[in-house]
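What follows draws every value from the coordinates through simple rules; no lab data is involved. Since we're looking at a predicted model, the values are computed, not measured. Here the Cβ positions follow ideal geometry from the backbone for every residue, glycine too, while neighbour counts run over all protein chains shown.
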Amino acid sequence: MLPRIATLLAGLSLTGLAQAAATLYPLTVDNCGAPQTFAQAPERAVTIGQAGTEMLYALGLGDKLVGSSLWFNNVLPEFQALNAKVPRLADNEPSFEAVVGKRPQLVAVQFEWMVGAQGAVATREQFSELNIATYLLPSDCEGKDNLVGADGTRLQAFQVDSIYKSISQLAEIFDVQDRGTALNADLKGRLDSAKKQLAGKDLSNTSALFWFSSADLGIDPYVAGRQGVADFMLRTLGVRNVVESTEEWPTVGWETLAKANPTWLIIARMDRRRYPADDYRKKLEFLRHDPVTKQMDAVRNNRIIILDADAMQAGIRLFRGLQTLSAAFASGEAAP
Amino acid sequence: MMKALPYSALALLALLAAVLAGTAIGETNLPPQVVYQVLANHLWQAGYPVDPIDAGIVWNYRLTRALVAAACGAGLATCGVILQALLRNPLAEPYLLGLSAGASTGAVLVGLLGLGSVALSMSGGAFIGALAAFLLVLVLARAAGPSNNHAQVILAGIAGSQLFTALTALLITKSATAEQARGILFWLLGNLSGVRWPSVWQALPVALFGLAVCLWHRRALDAFTFGADSAASLGIAVRRTQLLLISCAALVTAVMVSIVGAIGFVGLVIPHALRLLLGPSHSRLLPASALGGALFLIAADVLSRTLIGGQVIPVGVVTALIGAPVFALILVSRRGRP
């Protein structure tokens, strides 16, 4: 993607269209209810959460990153070389001291349960006492109460604008606003092309189910509820989510899911191997051999889409995920 | 024996009715005639045309669930009877021997170390953990003193339980994220949703085997109620019988825990309630407890699936919600007795 953005940038700056103003410091950004002030563009940043890490890479800010943490999958291939130079503080949540020890001027955080009122790493106050700014991706705090439910509870449906907002705000903080504009244009383009691919197709009777994983194969699986990122993907493409719970990732019994009999099954692919069902091949095997799920329309007609787990989170990968889904919905068949 | 016949018939009828109810009631609404047609198709090839998903739900999900619930309830209640008699302690139940704590540690270890991909499921881990905890408790009890002192076993069980509970907590805080801890909690509180026919073929024989062994030793159990010394004076090989029966209880519990997770209170409440109703004779108490446990757990499972629409409450929560008040009632009603 980087080269693409670079050419995009070059083209745009030639025409002068996206020649955004340079950031004026000191800059104050209101972020999840806690205003953060920057005297200058941060020179040293630490990320907690893969979505923020990849966002900074996509903004061409890899050289400002002095530590990353909380990984779900391998980094996107195009950022592999960049990522190899950045120390990985932890695979999961880093300790407070590991973050502070990097002397960051900014900590970019994907989830409020990492840094927030009940943060596993620290509260935002603990960082601000040390004059370290924190930036929470708005997708995890706007319209969401993270003190209720294990993964938080969305009070309103997820808005894709929160991703555009985090990109333009990060771009403003780092004084690379034209790169932010270009990245957002690229992502919006992907979203539009995904929608366009399905234009004129009648999907009013099409439904789908996102299966993330299960604590043990056979028991009630974790599936995407209403209002979360996965549900947004379906809504955007005009497909109905068969799960009606408003929790982010509720557990729902196979009896209910089989009776709902969705047109499409979307199963998550991830590198994590905590439960057997983390492996998408185990999921496929279960679907094809369980006496009930093997009778589901989606399984009988092989309408099973394998999607990267990261594409179901609020980050730049979401847009590629949308394109994967729309390609499958458009052809009526799952890509191999 | 002639008097027992109508009771046995009644008991079997009650069990059949409960299994049928468990099969007819579930997360989704299936008309009773569909349930009947599915059962008829499988049992006597009636050949009704039924939607294959409905058929699968009734035959492979609900019926297996009801059967495993019955087997687990019966097995756990039987274990409760054994332990309460052998240890002469009204608070004795299967999990007292550290079994559920050990099972939790085993399951959590499998979950957290990512052993999940190496052919060992959480239930496999639970089984190994439960047996390991039980062995530890036995060794500890033995090292602590002579075997006819039942207090040693209880104290060793408490020590073992605490140790394994602490280990589980340590593992969860050290390496689990919030999402992981939720998955583990889901499992620990007991869950019958992963049950299919293979689980039935594990749970049923083990429950029947446990019940048979205990019925075989019912006179010894009666004697143990009055203490190991009086059992010895009646010519019972105290040490051997104790070890056999406790091992039997441990095995049954470990198998049940590995299939459905730690479901509490069945082993504690059911034997007490039935002892109050039927008296202490084990020839009646044992089959009655097994039946009571089976009915109780089927009912609890049906409630767990239907109490909140579209959502399943862990069955362990339901059994404890019913079990705790019942247990309190028993305590109050025993007031003034020795």
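With θ set to phi - 60° and the Karplus curve 6.51 cos²θ - 1.76 cosθ + 1.60, what are the ³J(HN,Hα) couplings of the stretch B:221-228 in order, to the nearest whole Hz, using x for Gly and Pro?
4, 4, 5, 5, 4, 9, x, 5
Provide the FRET efficiency to the nearest 0.05 for the residue B:243-residue A:289 pair, computing r from the beta carbons and using R0 = 51 Å. Kindly include the intermediate steps, with their values, before the conclusion.
Values: r = 42 Å, r/R0 = 0.82.
So the FRET efficiency works out to roughly 0.75.
Pop the C-beta distance of residue B:16 and residue A:95 into the FRET formula with R0 = 60 Å and round what comes out to the nearest 0.05. Don't skip to the end; give the middle numbers.
Numbers: r = 58 Å, r/R0 = 0.97.
Taking R0 as 60 Å, the efficiency between residue B:16 and residue A:95 is 0.55.
Only counting other Cβ atoms within 10 Å, I'd like B:79, A:32 sorted with the fewest neighbours first.
By the 10 Å Cβ count, ascending, the order reads A:32, B:79.
Among B:81-90, B:9-18, A:231-240, A:180-189, what's the highest-first ranking by average C-beta atoms within 10 angstrom per residue?
Answer by packing, highest mean first, reads B:81-90, A:231-240, A:180-189, B:9-18.
Tell me, what HN-Hα J-couplings in whole Hz come from the Karplus equation 6.51 cos²θ - 1.76 cosθ + 1.60 at θ = phi - 60° for each residue of the stretch B:279-284, using x for Gly and Pro?
Those phi angles translate into x, x, 5, 6, 5, 9 Hz.
May I ask you to order B:240-246, A:111-117 by the average number of other C-beta atoms within 10 Å around their residues, highest value first? If you can, show how the numbers build up before the last one.
Numbers: B:240-246: 17.3, A:111-117: 22.3.
Going from most to least packed, we get A:111-117, B:240-246.
On average, how many beta carbons from a partner chain sit within 10 Å of the beta carbon of a residue in A:283-296? Present the calculation step by step, with values, prior to reporting the outcome.
Details: counts 0, 0, 0, 0, 0, 0, 0, 4, 11, 11, 2, 3, 7, 3.
Per residue, the average neighbour count from other chains is 3.
Taking each residue in B:51-61, count the Cβ atoms of any other chain within 10 Å of its Cβ, then average. What number comes out?
Working: counts 3, 7, 12, 4, 3, 10, 9, 2, 2, 5, 8.
Partner-chain Cβ atoms within 10 Å, mean over residues of B:51-61: 6.
Please state the charge dipole magnitude for the stretch B:4-332, taken about the Cα centre, from unit charges on C-beta atoms (+1 on K and R, -1 on D and E), reported in debye and rounded to the nearest 20. Provide the component values of the computation, followed by the final result.
On the way: 14 positive and 8 negative charges, 122 e Å.
Dipole magnitude for the stretch B:4-332 comes out near 580 debye.
Sequence-distant or interchain residues sharing an amide H contact under 5 Å with residue A:108, placed H: which?
Sorted by chain and number, the residues that satisfy this are A:46, A:47, A:48, A:135.
Counting only other chains, what is the mean number of Cβ atoms within 10 angstrom of the Cβ of each residue in peptide A:251-263?
Working: counts 7, 4, 10, 7, 15, 9, 2, 7, 9, 2, 2, 0, 0.
Mean shielding count: 6.
Ranked by Cβ crowding within 10 angstrom, fewest neighbours first, how are B:127, B:209 ordered? Don't jump to the answer; show the numbers that get you there.
Values: B:127 23, B:209 15.
Starting with the residue having the fewest Cβ neighbours, the order is B:209, B:127.
Can you compute 3J(HN,Hα) from phi for each residue in the stretch B:200-206, using the Karplus curve 6.51 cos²θ - 1.76 cosθ + 1.60 with θ = phi - 60°, rounded to whole Hz and x for Gly and Pro?
4, 6, 8, 6, 4, x, 5
For chain A, what does the helix formula give at 222 nm: sum of -39500 (n - 2.57) over DSSP H segments with n ≥ 4, over the residue count, nearest 500 deg cm²/dmol? Kindly include the intermediate steps, with their values, before the conclusion.
Details: 12 runs with 118 residues, N = 336.
Mean residue ellipticity, 222 nm, calculated: -10000 deg cm²/dmol.
Please go through the stretch B:1-96 and write out the chymotrypsin sites (Phe, Trp or Tyr not before Pro) that DSSP classes as loop and that have at most 10 other C-beta atoms within 10 Å.
Working: sites: B:7, B:36, B:44, B:59, B:61, B:95; in loops: none.
Qualifying residues, ordered by number: none.
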